[in-house]
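Step one of this worksheet: look at the structure below.
What follows draws every value from the coordinates through simple rules; no lab data is involved. Source: prediction; values computed, not measured. Heads up, the Cβs are rebuilt from the backbone with ideal geometry, glycines too, and the neighbour counts pull from every protein chain shown.
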Amino acid sequence: MKPSANELLLALRSPSSGWLATLICALDEALRDGAFTPHQRELLRGVIESGNIPPAVVRAAEAGVHRFEQQLSDLMDDASAHGETSSNAQVQRPKLTLVGSAAA
């Protein structure tokens, strides 16, 4: 079932929609990135449909997020070194900021 824009907008008005909003923003950035392949999209669809993520996959994903954040940081550092403004660097690559929990 494909949700309508109005249904999503209504869901995002809920005070408890923080995770939904976060995931939609991250997914929007991923869909705009050509490196997010159709195969990866299919994998994500399967994860959502299964409703379960094995702990080993979560750990590997956390390591992948760390590498991705480092790549973004390096990109921003390179842009700063070449005198580019942060808005120019953001156009080159989506900005994704993830915050880990204290329990992680």
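Rounded to the nearest 20, the size of the Cβ-charge dipole of the stretch 1-52 about its Cα centre is 100 debye, with Lys and Arg at +1 and Asp and Glu at -1.
Which of rounded, prolate or oblate describes the stretch 1-52 when judged by the alpha-carbon gyration tensor and an a/c cut-off of 1.5?
Prolate.
Restricting the stretch 1-87 to trypsin sites (Lys or Arg not before Pro) that sit in a DSSP loop and have at most 13 other Cβ atoms within 10 Å of their own Cβ leaves ARG13. When the stretch 1-92 is described by a simple charge dipole with +1 on each Lys and Arg Cβ and -1 on each Asp and Glu Cβ, the residue from GLY46, GLY18, MET1 located farthest towards its positive end is MET1. 3J(HN,Hα) along the stretch 54-60, derived from phi through the Karplus expression 6.51 cos²θ - 1.76 cosθ + 1.60 where θ = phi - 60°, amounts to x, x, 4, 5, 4, 4, 5 Hz, with x in place of Gly and Pro.
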